[in-house]
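Here is the structure we will look at.
Each value in this text was obtained by applying a stated rule to the coordinates, not by laboratory testing. These numbers come from a predicted model, not from an experiment. Cβ: placed from backbone, ideal geometry, glycine included. Neighbour counts: every protein chain shown.
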Amino acid sequence: MTETFDNLYIVLTEPKNPGNIGASVRAMKNMGLAHLRLVNPVPFRDEDEQKKMGYRSQDIVRNCSEFSSLQEAVQDMSAVFITTSKQGKWRKDFLDIRDAAEHIAALMRNQKIAIVFGREDKGISIDESQLANYLIYIPSAVHYPSLNLSQAVMVTAYEIFRAAAKNPVRKSFPVMAEQNDFSRLEENIWDLMKTLEIREGDNGKFHRSLKRTLSRTHWTRADIAVMDRACKQIRWYLSNRVRPLSGSLK
């Protein structure tokens, strides 16, 4: 059944304990997951604690990839699921882990999916959370749940394995655009808004809202191309039909 998970990637954000990395890859191995990406990890490949906790799972360690930022780690993904227990103004629309697993099992049939886990001590930042198409929470008996990193990986991997095994034949979803396509569109729209002399304070509220809005869409590359064309047309109109604005036109 391991081929079922070829499009599924586990992403650990700045893990600080080699043992947690080892325990996470062991959990992945048991559930048939093979792709691991790490963002700014501690030294881990030759650490005894990692090898001990990651017993019989070192093939995942050898083949894992390292990145300097979470955005870089997920830029080629069609959908990003971020696990977090923190809610707030910029973190809404959570999925229960079991509901998320059902959705992941359907999506991963024909597109690349990332499941992101935050730092052991402080999770993910608000800006990083804007990269999520979906936010996931793992229900707990306590008001402020605090699962160990590898425990969270194990629970999530198990639920996805369970969902995939329960219904292996699933409807294919349209392939979403990759994260780098959304990032390009975001920059395109933001540059256009600056050309239109948007007034925004230091808190960057509009820019952050723009990122969140785009991350919640389910657009294909063709959809992105339509929005790019709209931005291009507005720039043409500003250059040819109205007086020049103080911002630069591209």
Please report, in debye to the nearest 20, how large the charge dipole of the chain is about its Cα centre when each Lys and Arg carries +1 at its beta carbon and each Asp and Glu carries -1 there. 680
Normalised contact order of the range 35-74, rounded percent, pairs of Cα under 8 Å and 6 or more residues apart: 62
Using only DSSP helix segments of four residues or longer, with each worth -39500 (n - 2.57), what per-residue ellipticity at 222 nm results for the chain after dividing by its residue count and rounding to 500? -13500 deg cm²/dmol
Local electrostatic count, Val11, Cβ distance below 14 Å [Lys/Arg +1, Asp/Glu -1]: -2
Put +1 on the Cβ of each Lys and Arg and -1 on the Cβ of each Asp and Glu in the chain; which of Ile97, Ala222, Ala23 then has its Cα farthest toward the positive end of the dipole? Ala222
Select from Asn148, Asn63, Trp190 the residue farthest towards the positive end of the dipole of the chain; place +1 on Cβ of Lys and Arg, -1 on Cβ of Asp and Glu, and compute about the Cα centre. Trp190
Write down the percent of antiparallel bridges among all DSSP beta bridges whose residues are both part of the chain, to the nearest 5. 10
Dipole-positive endmost among Ile138, Ala114, Ser239 within the chain (Cβ charges, Cα centre): Ser239
Charges only on Cβ, +1 for Lys and Arg, -1 for Asp and Glu: so what's the dipole of the range 179-240 about the Cα centre, in debye to the nearest 20? 120
Beta bridges per DSSP with both ends in the range 22-157, % antiparallel, nearest 5: 10
Euclidean distance of C-alpha centroids, the range 1-37 and the range 94-150, integer Å: 14
Any idea what the relative contact order of the chain is, in percent, if you count C-alpha pairs under 8 Å spaced at least 6 apart? 21
Environment charge at Ser78 (Cβ cut-off 9 Å; Lys +1, Arg +1, Asp -1, Glu -1): -1
By the Cα gyration tensor axes a ≥ b ≥ c (a/c under 1.5 gives rounded; else a/b larger than b/c gives prolate, otherwise oblate), the shape of the range 179-240 is oblate
